[in-house]
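Okay, structure first, notes after.
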Amino acid sequence: MAVNRSVGVAALLLLSGCTAVGTAPRSCFHRNEAAEVDVGYCQAVRIGNALYISGTAGQGPMPSAMRSVYDRLRQTLAANGLTFADVVKENVYATDLDAFIQAKDIRKEFYGQAPPAATWVQVQRLYTPALVVEVELTAVYPR
């Protein structure tokens, strides 16, 4: 059965508060504007009632790398008026998925009883070789 992708996109836009492609107000949040502009990205982008947070990465041993990443994600969420309870999707990229899984209780501390849909993937390398985990989030503003 064929899927009509335009219907899916329209539904996603309506859920995120957009009315039509290209007409939604878009705002960019920078944590480190000079570095982000140099590479060409925003730490977070808000469109309608959705906030898309770029990958936030950590280095060092996995437990401390995880805590550092989720602490910075909490700061980005808070700077945009949200909490982990507003997160609906999480994508994790780890260079050692077993180490990530062993540190999962740190992640659970941040989500509590409101875990999001999640995807966890092991990768060979992240942006720089020292990085061991990168997490990106999608959050939705309450109406």
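The values are calculated or read from the model by the stated rules, or taken from the named source; none is laboratory data. The structure displayed is predicted, hence computed values, not measured ones. Please note: Cβ atoms are built from the backbone with ideal geometry, for glycine as well, and neighbour counts cover all protein chains shown. SASA here: full protein model, heavy atoms, side chains in, ligands and nucleic acids out. Shrake-Rupley method; radii C 1.70, N 1.55, O 1.52, S 1.80 Å.
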Filter the range 85-104 for residues that are over 14 Å from Trp120 (Cβ atoms) and surrounded by 21 or more Cβ atoms within 10 Å (Cβ to Cβ) and give the result. Val87
Out of (1) among the aliphatic types (A, V, I, L, M); (2) modelled with pLDDT of 95 or more; (3) open to solvent by 40 Å² or more (accessible area, probe 1.4 Å); (4) not in a strand (DSSP E or B), the odd one out for Val21 is which? (2)
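Here is a check on your reading of the model: is Ala44 modelled with pLDDT under 95, under 14 Å from the mean Cα position of the chain (by Cα) and open to solvent by less than 20 Å² (accessible area, probe 1.4 Å)? Walk me through how you get there before you give the answer.
Values: modelled with pLDDT under 95: yes; under 14 Å from the mean Cα position of the chain (by Cα): yes; open to solvent by less than 20 Å² (accessible area, probe 1.4 Å): yes.
Here the answer is yes, as Ala44 does meet what is asked.
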In the range 76-106, the residues that are without any contact (Cβ under 8 Å) to a residue 40 or more places away in the chain, out of contact with any strand residue (DSSP E or B) (no Cβ under 7 Å at 6 or more places or on another chain) and not in a loop (DSSP other than H, G, I, E, B): Ala78, Phe84, Ala85, Asp98, Ala99, Ile101, Lys104, Asp105
State which residue pairs qualify: first residue part of a loop (DSSP other than H, G, I, E, B) and inside the range 115-143, second residue surrounded by 10 or more Cβ atoms within 10 Å (Cβ to Cβ) and of a type in the set (Asp, Glu) in any location, beta carbons under 8 Å apart, and separation of 6 or more residues or different chains. Pro116/Glu90; Leu126/Glu134; Tyr127/Glu134; Tyr141/Asp86; Pro142/Asp86
Against the definition (more than 27 Å from Ala35 (Cα to Cα), modelled with pLDDT under 95 and either buried (at least 16 other Cβ atoms within 10 Å of the Cβ) or among the hydrophobic types (A, V, I, L, M, F, W, C) (or both)), how does Ala114 come out, yes or no? yes
